[in-house]
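The structure under discussion appears below in the form of structure tokens.
The values are calculated or read from the model by the stated rules, or taken from the named source; none is laboratory data. Quick caveat, the model's predicted, so the values are computed rather than measured. A quick note on method: Cβ atoms are made from the backbone with ideal geometry, for glycine too, and the neighbour counts reach across all protein chains shown.
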Amino acid sequence: MKFTVEIGENEKQVIFFSFNKFWGNIKISVNGKTIIKDIRMFSVDLVKTYEFKVGEKEIHNIRIEKIRPLLLAGLRANDYKVYVDGEFYKTFRD
């Protein structure tokens, strides 16, 4: 699963999210710079949250929630919800 989100009015920030279901690698980058790397192979939690800030003059709080199904998570679609400054922005599904 890969998706890109553009945030900001005057100061554009490009957020790239990548998750490899087979290997469990998660990578989040902002404007080409990796800010978060994680591995999600086995998890008890249904929701994993990644929070970070983007921007220098126009600062935004970003939260990405990776939501996996309860059963057979590796074989079923995951949802990814993006929040900007605490408000829902967009949902992605693989």
Residues being part of a loop (DSSP other than H, G, I, E, B) and either surrounded by 11 or more Cβ atoms within 10 Å (Cβ to Cβ) or not acidic (Asp, Glu) (or both) - total across the stretch 53-63: 4
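From the set of residues in the stretch 13-25 that are modelled with pLDDT of 95 or more and not polar (S, T, N, Q), which is nearest to Met41 (Cα to Cα)? Walk me through it before giving the result.
Kept after step one, since they are modelled with pLDDT of 95 or more, are these residues of the stretch 13-25: 13-18.
Then drop every residue that is not not polar (S, T, N, Q), which leaves 14-17.
Numbers: Val14: 27, Ile15: 23, Phe16: 21, Phe17: 17 Å.
Applying the filter and picking the extreme gives Phe17.
Restricting to the stretch 84-94, give me the number of residues that are without any contact (Cβ under 8 Å) to a residue 40 or more places away in the chain and either farther than 21 Å from Gly55 by Cβ or not charged (D, E, K, R) (or both). Before the answer, list the steps.
Within the stretch 84-94, the first condition is being without any contact (Cβ under 8 Å) to a residue 40 or more places away in the chain, and the residues that meet it are 85-88, 91, 93.
Restricting the remaining residues to those that are either farther than 21 Å from Gly55 by Cβ or not charged (D, E, K, R) (or both) gives 86, 88, 91, 93.
Residues meeting the conditions: 4.
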Identify the residue in the stretch 31-52 that is surrounded by 13 or more Cβ atoms within 10 Å (Cβ to Cβ) and not aliphatic (A, V, I, L, M) and, among all such residues, is modelled with the lowest pLDDT. Arg40
Can you tell me which residues in the stretch 64-78 are more than 12 Å from Ile7 (Cβ to Cβ) and either surrounded by 15 or more Cβ atoms within 10 Å (Cβ to Cβ) or touching an Asp or Glu at 6+ places or on another chain (Cβ under 6 Å) (or both)? Glu65, Lys66, Ile67, Arg68, Ala73, Ala77, Asn78
Which condition number in (1) of a type in the set (Phe, Trp, Tyr); (2) within 16 Å of the chain's Cα centre (by Cα); (3) part of a loop (DSSP other than H, G, I, E, B) is the one that Phe42 fails? (2)
For the stretch 72-87, give me each residue that is in a strand (DSSP E or B) and within 15 Å of Gly8 (Cα to Cα). Val82, Tyr83, Val84, Glu87
Among residues of the stretch 26-59, those that are of a type outside the set (Val, Ile, Thr), closer than 26 Å to Ala73 by Cα and touching a Gly at 6+ places or on another chain (Cβ under 6 Å), counted: 2
In the set Lys81, Lys33, Lys53, Lys37, which member is free of Cβ contacts under 8 Å to residues at least 12 places away in the same chain and in contact with a strand residue (DSSP E or B) (Cβ under 9 Å, 6 or more places away or on another chain)? Lys53
